[in-house]
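To start, the structure itself, in structure tokens.
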Amino acid sequence: MLHNITYLLFKLKVRQPSENDIALWMDTKDVLKLEYALKHGNYNTRKLAAEALEHAGQCSSVPVLLHAINDSVQNVSIAALNALEALGCGDDLVISITKKRFNWVKELRDKEAKQEANKDKKYTIYRWERASKKSFDRVKEQLKRPMR
């Protein structure tokens with residue numbers, strides 16, 4: 001009963017569901033509530049909902065998960081990809097999209113690892129002098145010399 005009130009408050013945008021609420025929805029395989037949480041929750045709720053849809057294991061949630069792949073939060077995208085891979089609904093489109101996205105995630109992680117490895121590396125930065133400053137310094141040196 002309390003979880004139904006939580007869902008109602010969530011739909012009214014008063015409160016976000018907790019991990020326990022999402023776990024109960026996952027245990028009861030209430031896919032509609034999980035899909036709504038994946039669409040309209042905050043980033044943590046969306047991530048938990050994607051993971052719960054993975055465990056619920058129904059192929060009817062594939063369109064919502066495909067939409068969640070393009071989420072602005074990387075953890076939500078990865079959770080949606082993992083859920084799609086775990087569902088494995090045999091659709092060629094889903095398989096090709098998950099392969100491309102996993103390559104994208106791998107490239108992002110490799111790029112972050114490369115940046116982390118090069119973080120302490122010192123770079124020599126050359127400062128280019130402007131021609132006018134160089135000529136000004138030359139004239140100044142000539143003025144210091146005694147005249148004949």
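Where a number appears in this text, it was derived from the coordinates with a stated rule and is not lab data. Quick caveat, the model's predicted, so the values are computed rather than measured.
Values for this structure:
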item: q = 0.17, 0.20 Å⁻¹: log10 I(q)/I(0) that the Debye formula gives for region 4-122, counting C-alpha atoms only; result: -0.80, -1.00
item: Reach of LYS114 by Cα under 16 Å, taken over lysines that are not fewer than 8 positions away in the same chain; result: LYS106, LYS122
item: 20 Å Cα-Cα threshold exceeded, pairs from LYS33/LYS99; LYS13/LYS33; LYS29/LYS99; result: LYS33/LYS99; LYS29/LYS99
item: Estimated vicinal HN-Hα couplings, Hz - region 40-48 in sequence order (Karplus 6.51, -1.76, 1.60; Gly, Pro = x); result: 10, x, 6, 4, 5, 5, 5, 5, 5
item: Under Karplus coefficients 6.51, -1.76 and 1.60, residue-wise ³J(HN,Hα) of region 110-118 in Hz, glycine/proline x; result: 5, 5, 5, 5, 5, 5, 5, 5, 8
